[in-house]
Each structure stands twice: as C-alpha cells, then as structure tokens.
Amino acid sequence: MSALNPTRRQMLASSVMLGASLALPAWAQTAGKSAKGARILIIGGGVGGATAAKYLKLFDPTLQVTVVEKNRTYIRPYGSSEVLNQHTSMAELNVSYDVLASRYGIQFVFDAVTGFDPVARTVSTAGKLKLGYDRLIVSPGIELLYDAYAGYSEQVANTTVPSGWIPGAQTALLAKQLQGMRQGGTFVLAAPPNPYRCPPGPYERPALMAEWLSQHNPTAKVIIVDPKDSFVTDETMMLGWNRLYNFNLPEDYVKKMSPLVEVKHHATPGMLSWVRGKDGGRTLRIDAKKMTIETEAEVIKADVINVIPPMRAGKIAATLGLTDKSGWCPVGRRDFASELHPHVHVIGDACVADAMPKSGFSANNQAKVVARAIIESLAGRPAPEPLMENTCYALAGKDYGLFVADVFKVVDGKIARINGKARYLPLNASAAQIKLGARYQQAWLRTFTQDCFA
Ligand SMILES: Cc1cc2nc3c(=O)[nH]c(=O)nc-3n(C[C@H](O)[C@H](O)[C@H](O)COP(=O)(O)OP(=O)(O)OC[C@H]3O[C@@H](n4cnc5c(N)ncnc54)[C@H](O)[C@@H]3O)c2cc1C
C-alpha cells in the first residue's frame, strides 16, 4: 500500500492526531457562541471611539456598549484650522454625544480613565468607578510632546505660544493672536516630525492664514519651519501656494513638476515661505519672552508662533501598557488587537498602522473593522480580511481644494497601500476640478461628522 492511498484506519488516526482545531472549520468548533449581550467598553469618544460604538450597535443592538470619555462635548480637530481664518467658529467645532446615546442606546460615562486590570477585565476612572468589559477598545488620540523643544512646555503653549493640534483653548488663543497681529508681522509655524496626526494639516493651516492675511494684513509674512524635506500632497499644495500667494517652489520640485504643469517663478515672492529640513528648518528652541524661534539655520523673530510638537499615543495608552518604545501601540493589522494585552483593541491615531496615516478618516475605517472583528471573535469566528481606505482633503485656499486618496490591505502582516500612483489631485487639474475639491472638503466635514457621531 502506498502512502498516497491510506487505509480508513490510518485516515481516522491522522484526523485524531490533527485534533479538532485543525480538522474542523472555525465556525463548526464554536457553534452556539455569540456576541449577544457582550459588554464592550470604549476609552475615548473621539472619531475612533464614537464610530466604533455606533457601528457595534448597528451590527448587533444587543451589545452593551459604553464609552468612557473625559469631556462632555467633543471638539473636532478636523476642520479646526478654519477657526483661525474665520471660516468657522469655535462653537461650530463642538460635537454632542446626545444622538449616539438616544438613537443607538450607547451609554456614556464622562470621566477620565486612569488604569485597568487586564485579568479581571475592569477599567478604573478618576471618579473611582470600576467598569467591567468583555472587550475593550482604546482610541485615546495623541499626546503632544511639548517638552521636545528647549523653552517650550504645556504652560507656554497655554499662555503665549499655542499649538492647538488638540483643539480647545489654544485654538482660540491662536486665532486671537493671528487676527490681532500687527500689520507687517511675522507668523511662524513649526511643523512636526513624522509620524503625526493629519499629514496635510501643518501645510493647510499656513495656507489658510496666507489667504486671510492677504486681505487683512497684506505685508505680513508666513514662515513654515520643518524638520522634513517633503510632505504628503506637497506638489499639489505648493502649486496652490504658487498660484494663490506667489510662492516660489524649491528648484528640485520645479524640475520634477514642470513637464506636467506650468510652475511660475515670481520675481517678487509672496508672503509664504517653507524652510525644509535640508535647509535647516528643524526647530531647536522657543523663547516665548523674546518671541523667537531658533532652528538649525537661524533665529527668527516672530509676532505669532504656532508649534506643532512631536507626538505619541494619548497618555492613557502608555499608562495601560499598550505602547512600545516607539510611543505608539502595536496591534494585529487585521483586527487592531493589542499585541501587548489580550481582549484589548487600539485604533485611531494611537495605533501603529504602517502606511495608513493618522487621520480621522483612518480612525473611522479602523473603528468599523474592529467592530466587525469583535463581533466575529465573540462568536468564535476569525476576523474577515479588511480592506480600508483614507482620503485626506485639504485646502490651499477657500476655493482651492486638493486631496490624497488611498486603499489599504494587509500584506505580509503590514498595512500596505494597494492603489497605484494615482493618489492626488492631478497636477493638471482644471480650475473647476480644483474648486470642486474645495466643495468636497466642506461636504466631507459634514457627512463625516454624521457618520461618526449621529
Ligand atoms: C488641524 C487638524 C486638521 C485635521 N483635518 C483632518 C482631515 O481633514 N481629515 C482627517 O481625516 N483627519 C483630520 N485630522 C485628524 C483627525 O482629527 C484625527 O486623526 C482623529 O481625530 C483621530 O481620532 P482618535 O479617535 O484617534 O482621537 P481623537 O479624535 O483625538 O479622540 C480621542 C478621545 O479620547 C479621549 N481621551 C483621551 N484620554 C482619555 C482618558 N484617559 N479617559 C477618557 N477619555 C480620554 C479624548 O478626550 C478624546 O475625545 C485633523 C487634525 C487636526 C489637528
């Protein structure tokens, strides 16, 4: 008898040796299990946490979904630079949790999480609550590392040199400073190193300010100092600056882009400039008293300074032991399950998601993937293979929209971009397409907020 033709006894023996776990499909091993009534606790009611809560309830209304959030009202970061140029108000950034509570029966606990017991599966809060869970989702956003630059601190940011990358009182302070800046004053924005929240954001903000200042303070200067040499959407964004604010692109960009589009050289450059890392743009020190910012290249005297400091996962992630030495949270890429604690998932800006940027769009997608994965896992089934996407819209001016749009899949254990080179607004886009891009951005702000919070 050959090995290719086993007896019935041999076949039975080998299936016993393989054991039920390999011999049976996953769904058959776990028949009878279900997600029904399971307790899902979510830390953080921002984009990731709110979306996860809503979609868990949509997928299975029997789940007990509770969000622990430290603030009663969410201040949305996306679109918050538009407060600075008076396109919108601080009040319009406020998002209520009422609809999520009343429409879907999601429970909200307004309290700050301080710790957890991963064995007993409980979370503790500053208000001395102990909340139990079957699965925990953590979406705490970012922590800003104010102390990364000499002379800078949270106290300086709260009083004189605001950041506002987590929106709130600092955003209002920055708006006041910019709108009240003396005629001919200098505004410096210090862009962050990678990785950071909202890749086009540090370049959209100065563009919107250049547009506003062109009308209200036309002799002002806007200087971006940057530790990096490039950024996502750099070509389309700088083309917008070139057309709108007489910005002269660096020569290497002009060479690269010229075969595809006319890049003007302005004999009299406009108010906006970008100092790259290779030209000494990295920030070293802030002097809030003298109102100077020191970079590798020079000391710049400014009237208003906006620092977007380096960042890492929201503080509570480290407290719970969910971060590694990078300061971010390593997760399984199919289900965003923490690699460091069982029954915990980390999504949004705080997690390591490889090619997927730290954006609201990404956090929203990841939340839906996790909601599905948790329901499947509670029912004993494997998480489905996720297909995710991100679109970051950005404005070079009120009527000048652009974007980066990508699709992602898990490839060799990492999240990889699977669309080709076509990611951006084409360089030769028509004026109508560019205007439409700006309309899409505004429409996205509304529909996206609805998808997460209503
Ligand atoms: C200026 C700017 C423009 C942007 N524009 C865009 C854009 O156009 N498109 C886009 O997709 N993204 C944009 N973003 C990025 C987007 O806002 C973030 O990527 C997104 O908010 C991340 O979601 P999150 O859930 O990870 O964090 P967050 O939305 O920040 O939510 C975290 C929540 O956790 C809570 N929390 C933290 N710690 C605790 C604790 N211990 N206990 C209880 N609660 C806690 C916080 O209060 C917060 O509500 C922009 C960001 C900025 C700053």
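Working note: Karplus 6.51/-1.76/1.60 with θ = phi - 60° gives segment 124-133 the couplings 10, 10, 4, x, 6, 8, 10, 10, x, 8 Hz, where Gly and Pro are set to x. A compact globular protein would have a Cα radius of gyration near 2.2 N^0.38 Å; the ratio found for segment 320-453 is 1.20.
In this label model, Glu298 and Ser153 are separated by 3.0 nm, measuring between points 7 Å along each Cα→Cβ vector. Annotation: amide H of Leu284 within the under-5 Å range of Glu294, Thr295, Glu296, sequence separation 5 or more or interchain, hydrogens built in the peptide plane.
The magnitude of the dipole of the chain, with charges of +1 and -1 set on the Cβ of Lys/Arg and Asp/Glu and taken from the Cα centre, is near 960 debye.
Residues in segment 108-115 carry Karplus couplings, in order, of 10, 10, 8, 6, 9, 6, 10, x Hz; the curve used is 6.51 cos²θ - 1.76 cosθ + 1.60 with θ = phi - 60°, and Gly or Pro positions show x.
Residue-wise HN-Hα couplings along segment 60-70, as the Karplus relation 6.51 cos²θ - 1.76 cosθ + 1.60 with θ = phi - 60° gives them from phi, are 8, x, 6, 5, 9, 10, 10, 10, 9, 9, 6 Hz; Gly and Pro carry x. For Leu272, the residues 5 or more places off, or on other chains, whose built amide H falls under 5 Å of its own are Val222. Beta bridges per DSSP, both residues in segment 146-309: antiparallel share near 35 percent.
Quick one: if the Förster radius is 51 Å, what FRET efficiency do Arg417 and Met90 give, using the C-beta to C-beta distance and rounding to 0.05? Computed FRET efficiency for Arg417 and Met90 comes out at 0.90. Cross-link partners of Lys368 among aspartates and glutamates, defined as those whose alpha carbon lies under 16 angstrom from its own and excluding same-chain residues fewer than eight positions apart: Asp60, Asp335, Asp349, Glu376, Glu385, Glu389, Asp451. Listed by chain and number, the aspartates and glutamates whose C-alpha is less than 14 Å from the C-alpha of Lys301, apart from same-chain residues fewer than 8 away, are Asp287. Once backbone amide H atoms are built at 1.01 Å from N, Gly115 has Ser124 as its partners under 5 Å, excluding neighbours fewer than 5 places away on the same chain. Note on Lys290: aspartates and glutamates with a C-alpha under 20 Å away, same-chain residues under 8 apart excluded, are Asp147, Glu154, Glu298, Asp303. Remark: for residue pairs Lys130/Lys414; Lys33/Lys315; Lys128/Lys325, the C-alpha separation exceeds 32 Å in Lys130/Lys414; Lys33/Lys315. Inter-label distance, Thr391 to Asp98: 3.0 nm, where each label sits 7 Å from its Cα along the C-beta direction.
Please report the antiparallel percentage of the DSSP beta bridges confined to the chain, to the nearest 5.
Working: 36 of 68 bridges.
Looking only at bridges with both residues in the chain, the antiparallel portion is about 55 percent.
The simple Förster model, with R0 at 51 Å and r as the Cβ-Cβ distance, assigns Thr319 and Glu262 a FRET efficiency of 0.45. Highest average first, the peptides 77-88, 283-294 ordered by how many other beta carbon atoms sit within 10 Å of their residues are 77-88, 283-294.
Throughout, read-outs are computed from the coordinates displayed, never taken from laboratory work. Computed from a predicted structure; not experimentally measured. Note that we place each Cβ from the backbone using ideal geometry, even for glycine, and neighbour counts take in every protein chain shown.
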